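The values are calculated or read from the model by the stated rules, or taken from the named source; none is laboratory data. The structure displayed is predicted, hence computed values, not measured ones. Every residue, glycine as well, gets a Cβ built from its backbone with ideal geometry; the counts of neighbours run over all protein chains shown.
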Amino acid sequence: MKIRCFIFLLILIFSEGVMAQTFDPFSLFGKGKLFKLNGGVNASMLYNYSSNSTQGGNPFNYVIGANLNIYVKGINIPLDFTYSNAQFSYRFQPVPFNRIAIHPKYKIFTLHAGSIALNLSPYTLNGAQFNGAGLEIAPKNWKIMVLGGKFLRGSGDFLLNPEAQPTYERWGKGLGVSHQFKNHLLGVNFFHAKEDTSSAFNFPVESGITPKENIVSSLVGSGSIKGIKYSFEVANSLLTDNLNVPNAFKSKNLMAGFIGNNGSTKSNYATNARLNYLFEKMKFDAGLSFERVDFNYQTLGSLYNINGFQNIGVTANKIFLGGKVSLNGQVGLQNDVGDDTTISQKSNRLLATINANFNPIQQLSFNASYSNTRGVTNIRNLNNIANQNNLVPLFLDSLRLVQLNQNANFSANYQITSTPEKNSAANLNFSYQKGDQRQGEFFVDMQGTKFYNASLNYYTVLPKVDTKWSFGLNYSKTSQGPDSNNVRAVGFNFNFGKKVFKRKLAFTIGSGYNTTSMVASASGVNIINFRSTASYVMYKKHVFNFNAIFQIQSKSRLGAPQTNTSTGAMGLTYNYNF
């Protein structure tokens, strides 16, 4: 109830700029087209066949989607939906795959309704899909967003539907307000979500599913001061992991009174800040970055919650020889942020990257990059230490792991011909990656992995006859320890495209072949595919797009029967404008 009053109060505060925008029915009869209709329809189909009948699964799947935008003299009403038979693979889906949404817009107002996904900030509401509505209002230098809806469906009685993924019904609401000053932007975000304890029951204890409640707030800002660009966000998340826990929660956090709190409630923070400055006379750019996310930082409005780390980085960019050479590098330190758990793990990593570009002439360019990262992890088992006497040296109960990673990339591009009749070019790419693990001062055998990849590509475009073609070669190798663990792959591809029927129809056909061999298992995989695309323009306002791919895969292994699989995919898109 308190947070609802708070949201209502903020809307009243900023309503002065909003009320200045009123709907004028006479504006519908001015100049210009009264009614417009545009959008598209798309359908894609996928078919799989395998000579191994034990794989099972649905061999045929399809997805149908459409988007429609209706324009009536200043009012935009977008509508979109997606439908697929993939939903039939599951008896219960917490987040429905098939969706329909509408996004009408008029002047400073934009309404989102249906199955939608809205964002407030990376640490509050970020990408979670829900069924509900959101309203965006943008009067002058203000931006306001209010939203609410159902984020998850409850799975009900687990005993009646044991194959269903256990979930509680989750409802959420959010508010974002920001103001753009002359050189600065300042904003606040709030998001609250709560799960219904009566929407699911009879979960097995080992599932670990509990009803949760969360309120998260953040302060964001960006701008520039005398050439120094900055941006920041500071977020706090209060999460009650189990609403059924009776113990009290003791905290001076101002937001604690807005949610049901108990002994399972935790308060965590996330911080992200960046500074950047350009020395124009020296053509030198330097920057600082800092990001810290507390261990177990979570929000019920984010799809993924990466937490427990701290990054500090320095960046620099410099241009030489009148712009022909540019160098940029980044050095940073990443630390793991943990708590007093059973396994105490501390890790620090040195992150270093350098990139160089060289353009000796207009037709030729080179790019090279190298990065070397070092990760150190110290692991101590606190349970074992507690059960031993204090005379045992601590280092005997510790484990120090060092991981070394090296990455190198090189590319060269050469413009062979550039005339009105012909345009041709070639490029070469090579990449190398190596990873090693070391325990103490000794490298761990059989852990070092090397990966090589090289490709050569050539293409030609003939503009006057609307023809283009290209081909490419690629090679890759992966090795780990002795040669018996090596994997090698070689392949090539070819594509041809042309426009016909007075350039109204453009089509492309292509094919590729790839063979992979694995020495250790005496096995191999051969893949051949055929591709085709076509695009047709009718009356300059209607576009038909078609694409199809057919792939044949053959697997062979010593002492086992050969397995053949075929995959076919086809898509059709129609875009219209009336």
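Just so you know, in segment 257-292 the residues that are in contact (Cβ under 8 Å) with a residue 60 or more places away in the chain and among the hydrophobic types (A, V, I, L, M, F, W, C) include one that is nearest to A128 (Cα to Cα), and it is A270.
To keep it simple, each residue is scored yes or no on (1) within 30 Å of R292 (Cβ to Cβ); (2) not aliphatic (A, V, I, L, M).
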{"residue": "Q129", "(1), (2)": "yes, yes"}
{"residue": "G132", "(1), (2)": "no, yes"}
{"residue": "E136", "(1), (2)": "no, yes"}
{"residue": "K150", "(1), (2)": "no, yes"}
{"residue": "L160", "(1), (2)": "no, no"}
{"residue": "H179", "(1), (2)": "yes, yes"}
{"residue": "I209", "(1), (2)": "yes, no"}
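For segment 298-312, the set of residues classified as over 19 Å from the mean Cα position of the chain (by Cα) and not in a strand (DSSP E or B) consists of G308 only. Filtered by the rule that a residue be of a type outside the set (S, T, N, Q) and out of contact with any Leu (no Cβ under 6 Å at 6 or more places or on another chain), segment 229-244 gives K229, F232, E233, A235, L238, L239, D241, L243. In a residue-by-residue description of segment 267-277, the property of being more than 23 Å from G332 (Cβ to Cβ) and not in a loop (DSSP other than H, G, I, E, B) applies to at least one position.
Can you find, within segment 278-318, the residue that is modelled with the highest pLDDT among those that are of a type in the set (F, W, Y) and within 18 Å of V331 (Cα to Cα)? This residue is F290.
In segment 466-473 there is at least one residue that is modelled with pLDDT of 90 or more, closer than 26 Å to N357 by Cα, of a type outside the set (S, T, Y) and surrounded by fewer than 16 Cβ atoms within 10 Å (Cβ to Cβ). Counting the residues of segment 135-156 that are under 15 Å from N189 (Cβ atoms), buried (at least 21 other Cβ atoms within 10 Å of the Cβ) and without any contact (Cβ under 8 Å) to a residue 60 or more places away in the chain gives 2.
As a summary of the residue check, L321 satisfies the conditions (1) out of contact with any strand residue (DSSP E or B) (no Cβ under 7 Å at 6 or more places or on another chain); (2) modelled with pLDDT of 85 or more except for the one numbered (2). Report whether or not L219 is surrounded by fewer than 18 Cβ atoms within 10 Å (Cβ to Cβ), within 27 Å of the chain's Cα centre (by Cα) and modelled with pLDDT of 85 or more. Yes.
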